[in-house]
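Participant: Before we start, here is the structure in question, set down as structure tokens.
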Amino acid sequence: MSFDTDLIVLGAGPVGMCAAIEAGRRGRRVIVLEKREVEDPAGAKCNTVAARSMEVFRGFGIADQVAALGLPDDFPTDVVTATSVTGPEFDRLELPSRRERGEPRFPDSDWPSPEPMVRLSQIYLEPILKQAMQTTPGVTAHYRTEATEVAQDAEGVTVTARFPDGGLRRLRAPYLLGADGGRSLTRHAIGTRLMGDAEIARSRSTLVRAPGMRALWGNRRPGWMTWVVNDRVRGILVAIDGRDTWLLHRALPHGVADFETVDFDDSIRALLGVDRSFQYEVLNHEDWIARRMVAERIQDGRIFVAGDAAHLWVPFAGYGMNAGIADGMNAAWVICNLLEGWAGPAMRDAYQAERHPITEQVSRHAMQSMLDMVDALGGRPVPEVFSSRWNPLGMVMRKVMGRRIGPINRAQFLPEGLNFGYYYENSPIIAADGKAPAYTMAGHTPSTVPGCRLAHVLIGATPVQDLLGPVYTLFRFDPMLDTDPLIASAARRGMPLKLVDAPHPGHPAYTHPLIIARRDQHVAWRGKAPPSDPDALITRLSGHVEGT
């Protein structure tokens, strides 16, 4: 049976678009189906692009575009906890504006990456990705097109979709990636369920236009995100553009199911600390339930699921979208390797083996952060905490609460460990040689242990990430080592292996003069000498070692 394309992607959110762009850059034909209108705005829940995602965008050539949008150049990305936007503060985590980026006084100034994280709403990110996707050769996107049925057989996948004219068409491809959201048709098609905590909390979220918002800080440094707790509301204000557009979350009390319990207008004014004279215009509103759920399986045969189709969790600091982008990039890399014909069945199995454990870990980190924050803010509000800014008892109590809140905020909004520390422990296509260093949400140890992210260094003036090829890259830091047999073995298998000769970078993590790293920066193998059996190594890296 002939195929209409190499890969079908369901969903044109950030996850699906990144996967489509990556596959297109590898020379594959991709059809993307999205049920939204082409001009429909994105949601505003995710407002952080992680450093690892920015590294992906650097590879696409769009990182500078992403970093330039959103907040004004002088708007700080501080995270504040206060009794209201206008009220006394408990804690403030100072983070840089675009203009301040690079100043050493900020705690993320020395992160091991050429691309710092960016506080940017998905509203602005999606149009950039859409333009990149639509200009990638081989990628075709169909909007207002909804998949109605998915089926697979031994040779490929068939998707039945309703196109804008109302007609049904069947599309055929060797592989399918479902990035089609929490109610994923793809996930249901492979018979897997979401497991975990079906409800952690309930929240009301309102996107507003309020030109007077910026003035509420007066002469104070404004916050990108302001956590609010007082005797009327608990919620969060997020600056979307730092001028007119803002997002307000208001939490329902624990155990309360009726969203109307939290008065729409009163909760907004209580969060801001303003009276009825303050004007705002509602642009969008959504009542939603925070969950921590992960699919039992995220791959079955020729079908892969990624992003919200694979995991739903608290929309905290952008973890969901950024983990989803990593899912999509991993799936696209695996699928392209399979399509090229040189990869074996263990390559396909690697997606489940690598991404599922990480998804589970990140989901628990995100949930625990939220629960820790709720606990730190305390139970029943104490009036003295919310009284006058200069009330002595209130000042003491806020200081005590701030000491509890500070470490939690620093971990969840500076998640260095979640960005750079996670590793693939039991992958069938990684030649393990030792235990990867442990990591926390906030910290990690740079490493070249197979499975870890390749420690960031500069090779000359070039970040090591920029030297990676599209599949595998062999770094040789000792020109006396003979790598010809290894390169020849890869060539016989048909597995792309780029050779980079470079002086030793001098970083303590680089304990081996030979390292093979993947497109996604994860180390696949390292050696102090060329492998004694290069064919065995290439057999593993190409996915032809089964039962692991």
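Participant: Scan the chain and hand back the longest stretch that contains none of the GluC sites (Glu not before Pro) lying in DSSP loops with at most 14 other Cβ atoms within 10 Å. Intermediate results must be reported in sequence, preceding the final value.
Facilitator: Values: sites that count: E37, E39, E155, E296, E546.
Here the longest run is 297-545.
Participant: Binning every alpha carbon pair distance of region 434-548 at 5 Å from zero, what are the percents per bin?
Facilitator: 2, 11, 22, 25, 20, 12, 5, 2, 0
Participant: Of I236, P164, P222, whose Cα points farthest to the positive end of the dipole of region 159-259 (charges on the beta-carbon: +1 Lys, Arg; -1 Asp, Glu; origin at the Cα centre)?
Facilitator: Checked the options; the winner is P164.
Participant: To the nearest 500 deg cm²/dmol, what mean residue ellipticity at 222 nm is calculated for the chain from DSSP H runs of n ≥ 4 alone, each contributing -39,500 (n - 2.57), summed and divided by the residues? Intermediate results must be reported in sequence, preceding the final value.
Facilitator: Working: 12 runs with 153 residues, N = 548.
Helices in the chain give a 222 nm mean residue ellipticity of -9000 deg cm²/dmol.
Participant: Let me ask something else. Rounded to the nearest 20 Debye, what is the dipole magnitude of the chain about its Cα centre when Lys and Arg each give +1 and Asp and Glu each give -1 at the C-beta?
Facilitator: Working: 61 positive and 64 negative charges, 94 e Å.
Dipole about the Cα centre, nearest 20: 460 debye.
Participant: Further, regarding this structure: Report, to two decimal places, the Cα Rg of the chain normalised by 2.2 N^0.38 Å (N = number of residues). Mind dumping the intermediate values first?
Facilitator: On the way: Rg = 24.4 Å, N = 548, 2.2 N^0.38 = 24.2 Å.
The value comes to 1.01.
Participant: I would also like to ask the following. On a straight-distance basis, which lysines could pair with K45 in a cross-link, Cα separation under 21 angstrom, same-chain partners fewer than 8 positions away excluded?
Facilitator: Filter leaves K35, K130.
Participant: Moving to a separate point now. Just report the Cα centroid separation between region 423-482 and region 1-63, whole Å.
Facilitator: 26 Å
Participant: Please report the antiparallel percentage of DSSP beta bridges with both residues in the chain, rounded to the nearest 5. Please list the in-between numbers first.
Facilitator: On the way: 63 of 88 bridges.
Bridges in the chain that DSSP calls antiparallel: roughly 70 percent.
Participant: Hey, what angle do you get for helix 319-339 against the long axis of the chain, alpha-carbon based, 0 to 90 degrees rounded to 10?
Facilitator: Result, in degrees: 10.
Participant: Something else now. What angle do you read, to the nearest 10 degrees and between 0 and 90, between the alpha-carbon axis of helix 122-134 and the longest principal axis of the chain?
Facilitator: 30 degrees
Participant: Counting only protein heavy atoms and using a 1.4 Å probe, what share of the accessible area of the chain belongs to carbon plus sulfur, as a whole percent?
Facilitator: Details: 11250 of 21920 Å².
Using a 1.4 Å probe with all protein chains present, the chain comes out at 51 percent carbon and sulfur.
Participant: List the lysines whose alpha-carbon lies under 26 Å from that of K435, not counting same-chain residues fewer than 8 positions away?
Facilitator: Straight-distance partners of K435: K528.
The values are calculated or read from the model by the stated rules, or taken from the named source; none is laboratory data. Note that the structure is predicted; figures quoted are calculated from it, not measured. So basically every Cβ, Gly included, is an ideal-geometry build from the backbone, and we count neighbours across all protein chains shown. Each accessible area value is taken on the protein alone, full model and side chains, heavy atoms only, with ligands, DNA and RNA left out. Shrake-Rupley method; radii C 1.70, N 1.55, O 1.52, S 1.80 Å.
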